[in-house]
Amino acid sequence: RAGAYSQNQLRLWAFGSPDQVERYGSWEAENLRVWSQHLSDYTATLFGRGWLAPVNLSVLKPVQLNDNVSTIHIMAPYGRFGAAALLLCLGVLAAAAARATRPEVTGEPGQGRILGLMALWILFGVGAYVVLANLQLAPFTGRNVYLLAAASDSDLLEGMTLFFMAWFGLTAVQSRPDDTSAPGGL
């Protein structure tokens, strides 16, 4: 029975019934229990330990730059309010872009606007999900808040792709059929 469940199955099990993981008795289950306890310690405070206060990384030290970045480098020093402030910035960015590019101001909505807004809301949504996962309120997927993981090339590439999709989509000039500067206009 000790090898019957994979690490991902144990993570889901820990999310739904943490006491079962303790009774499972495998090496993976014990590591998951220790990992979960460390995450709880890092995210326990509302205001954090302070920017210069040392964090005892212990079992999370090997993955501190590519996994659990929002826990170790945001919530431990700045607390849950620090993570909320980061998410607030991402949400305000997406909402401000939606307001500034609404059809009443810029004309026809266009596909670029829709693409740009979707990219910004994805940046916000993924960030919110990962913070909730690091607070152990959602199943953890191993992802980070985009653009924050110093050693994760995939998170950097995905985040920059979404950022540039938003940038180019929201700054694209939409031509209207009655525009004389458009090709084929009179």
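Quick one: would you say Gly110 is small (Gly, Ala, Ser), farther than 30 Å from Ser36 by Cα, open to solvent by less than 60 Å² (accessible area, probe 1.4 Å) and within 21 Å of the chain's Cα centre (by Cα)? Spelling it out, it is not the case that Gly110 is small (Gly, Ala, Ser), farther than 30 Å from Ser36 by Cα, open to solvent by less than 60 Å² (accessible area, probe 1.4 Å) and within 21 Å of the chain's Cα centre (by Cα).
If I filter the stretch 60-69 for residues that are basic (Lys, Arg), touching a residue at least 24 places away in the same chain (Cβ under 8 Å) and either in contact with a Pro (Cβ under 9 Å, 6 or more places away or on another chain) or surrounded by fewer than 16 Cβ atoms within 10 Å (Cβ to Cβ) (or both), do I get at least one hit? I'd like the intermediate steps shown before the answer.
Just the residues of the stretch 60-69 that are basic (Lys, Arg), to begin with: 61.
Pick out the ones that are also touching a residue at least 24 places away in the same chain (Cβ under 8 Å) and you get none.
No: zero hits.
Candidates in the stretch 133-173 are the residues that are open to solvent by less than 40 Å² (accessible area, probe 1.4 Å), in a helix (DSSP H, G or I) and of a type outside the set (Asp, Glu); of these, the one that is nearest to Gly110 (Cα to Cα) is Gly169. Gly3 fulfils the conditions (1) assigned to a loop (DSSP other than H, G, I, E, B); (2) at pLDDT 75 or above; (3) of a type outside the set (S, T, N, Q) except for a single criterion, (2). The single condition among (1) in a helix (DSSP H, G or I); (2) surrounded by fewer than 17 Cβ atoms within 10 Å (Cβ to Cβ) that Phe124 does not meet is (2). Can you name every residue in the stretch 30-51 that is surrounded by fewer than 18 Cβ atoms within 10 Å (Cβ to Cβ), in contact with a helix residue (DSSP H, G or I) (Cβ under 8 Å, 6 or more places away or on another chain) and in a loop (DSSP other than H, G, I, E, B)? The answer is Thr45, Leu46, Phe47, Arg49, Gly50, Trp51.
Among residues that are in contact with a His (Cβ under 9 Å, 6 or more places away or on another chain), hydrophobic (A, V, I, L, M, F, W, C) and assigned to a helix (DSSP H, G or I), Val130 is not included.
The values are calculated or read from the model by the stated rules, or taken from the named source; none is laboratory data. Just so it is clear, the structure is predicted and the values come from calculations on it, not from any experiment. Because the Cβ atoms are built from the backbone with ideal geometry, glycine has one as well, and the counts that use them run over all protein chains shown. Note: accessible area is taken over every heavy atom of the protein model, side chains too, but ligands, DNA and RNA are not part of it. Shrake-Rupley method; radii C 1.70, N 1.55, O 1.52, S 1.80 Å.
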